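Undergrad: One structure is given below, represented as structure tokens, and several questions about it will come after.
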């Protein structure tokens, strides 16, 4: 009879241990973060962006701009414009600064004489045109405020 009690006690202990392990496993499994993107679109092209342990795959040409957010993360979709400086040999350093919503300033060191600011929507074409606004002398720079374009815009100084 003592061995039967020991077997029953052992079974109860093992059952209790199994339940504790199962409860701990379920608790640990629930502690893992669950990241989802509930809204998406399939257009054309695309690629993957990776940083650290996170990766986002997306498409190019998404006409549906919008913002998704949750917790500490925000994902913004849609089209982004590019405003870039094209550095010409022998020209002063051209700088582009976002100064507020809808405002960008293109600047270069003062005094730089004989240079004109030109713009183009495609860097590889010969369609460069002179920017209409005259540069203003502000501090140590020449500055020209420009509106961010709907598409890409490239700037250069030409002598």
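Undergrad: Do we have residue 32 as modelled with pLDDT under 65, part of a loop (DSSP other than H, G, I, E, B) and in contact with a strand residue (DSSP E or B) (Cβ under 6 Å, 6 or more places away or on another chain) here?
TA: Working: modelled with pLDDT under 65: yes; part of a loop (DSSP other than H, G, I, E, B): yes; in contact with a strand residue (DSSP E or B) (Cβ under 6 Å, 6 or more places away or on another chain): no.
So residue 32 does not fit the description; no.
Undergrad: Can you name the condition, by its number, that residue 117 falls short on among (1) more than 24 Å from the chain's Cα centre (by Cα); (2) part of a loop (DSSP other than H, G, I, E, B)?
TA: Unmet for residue 117, out of (1) more than 24 Å from the chain's Cα centre (by Cα); (2) part of a loop (DSSP other than H, G, I, E, B): (2).
Undergrad: Continuing with this model, one more query. Quick one: which of 9, 103, 50, 25 is at pLDDT below 70 and either more than 24 Å from residue 147 (Cα to Cα) or surrounded by 11 or more Cβ atoms within 10 Å (Cβ to Cβ) (or both)?
TA: Working: 9 fails: at pLDDT below 70; 103 fails: at pLDDT below 70; 50 fails: at pLDDT below 70.
Sole residue among the options that is at pLDDT below 70 and either more than 24 Å from residue 147 (Cα to Cα) or surrounded by 11 or more Cβ atoms within 10 Å (Cβ to Cβ) (or both): 25.
The values are calculated or read from the model by the stated rules, or taken from the named source; none is laboratory data. Here the structure is a predicted model, which means the values were calculated and not measured. Neighbour counts run over all protein chains shown; Cβ positions are idealised from the backbone, glycine included.
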